[in-house]
Amino acid sequence: GTYLFEVNPPPDASDIVRPDPVSVTITTGLTTRNVTLSAAKKFVTGAVKKADGSPVACAQVNANRLGAPGWANAQTNSSGAYSLTLQPGAWNIRVERANNFGCATQDWIFLDPEGVVDFGDSAATETQTVNFTVHKATAVITGRVTTKDGRPVTNGNINANSQTRDGRNRWSNAQITS
């Protein structure tokens, strides 16, 4: 069969960038494919803050390459700062609530247009800055998750998804706790 072969560097490796995916066809037996990771030369840095200027820790900043395969993400630190390592090209940058159990309950939502950066095809090292402002969430969904026989479910996530008038997807999530 034919497969799309992707290699992702470790999440803490900010000095290398993931290569473009390649198509690999396997007919029979063993197929060997070597991959060389490139030195990072394109960076997006910035911060996520609330409307009052306070930092947002544990937000996830996502980048999706426009017109070509590619993605990257980073989580903000306690100061709200983040850094993405990207390949050349144009990228859509957005902020979402982090979907992991190490983050506190988040009371914000991102409503503004997503950022776009374009590095072109230059081999030069470049850094662009994209800052985000999030707003206080004004609604709350509460409830209980149980199995068919009424036992409570723990250690999961619930997502609430919606779409804005201009076609952008917005989602919020929460951790299921006991």
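Among the residues of segment 31-54, those identified as in contact with a strand residue (DSSP E or B) (Cβ under 9 Å, 6 or more places away or on another chain), more than 30 Å from residue 97 (Cβ to Cβ) and of a type in the set (Ser, Thr, Tyr) are 31, 38. Residue check: residue 106 meets all listed conditions (1) open to solvent by less than 60 Å² (accessible area, probe 1.4 Å); (2) part of a strand (DSSP E or B) but one, namely (2). Just name the residue that is farthest from residue 19 (Cα to Cα) out of those in segment 48-61 that are open to solvent by less than 20 Å² (accessible area, probe 1.4 Å) and in contact with a Phe, Trp or Tyr (Cβ under 7 Å, 6 or more places away or on another chain). So the residue we want is 56. Exactly one residue out of 66, 86 is at negative phi and open to solvent by less than 50 Å² (accessible area, probe 1.4 Å): that is 86.
Exposed (fewer than 11 other Cβ atoms within 10 Å of the Cβ), modelled with pLDDT under 75 and aliphatic (A, V, I, L, M): does that describe residue 160?
no
In segment 7-19, the residues that are within 9 Å of residue 39 (Cα to Cα) and aliphatic (A, V, I, L, M) form Cβ pairs under 9 Å with partners that are open to solvent by 40 Å² or more (accessible area, probe 1.4 Å) and not in a loop (DSSP other than H, G, I, E, B), at six or more places apart or across chains, as follows: 16/38; 16/39; 17/38; 17/39.
If you go through segment 1-19 and keep only what is outside any strand (DSSP E or B) and surrounded by 13 or more Cβ atoms within 10 Å (Cβ to Cβ), you end up with 6, 7, 9, 13, 14, 18, 19. Among the residues of segment 26-63, the ones that are among the hydrophobic types (A, V, I, L, M, F, W, C) and at positive phi come to 1 in all. What about residue 22, is it at pLDDT 80 or above and closer than 21 Å to residue 62 by Cα? When the stated conditions are applied, residue 22 does not pass them. Residue 49 meets the conditions (1) touching a residue at least 60 places away in the same chain (Cβ under 8 Å); (2) over 15 Å from residue 85 (Cβ atoms); (3) in a loop (DSSP other than H, G, I, E, B); (4) not aliphatic (A, V, I, L, M) in every case but one. The failed one is (3).
The values are calculated or read from the model by the stated rules, or taken from the named source; none is laboratory data. Since this is a predicted model, take the numbers as computed values, not measurements. Please note: Cβ atoms are built from the backbone with ideal geometry, for glycine as well, and neighbour counts cover all protein chains shown. Accessible surface is based on the protein model in full, side chains and every heavy atom, while ligands, DNA and RNA are left aside. Shrake-Rupley method; radii C 1.70, N 1.55, O 1.52, S 1.80 Å.
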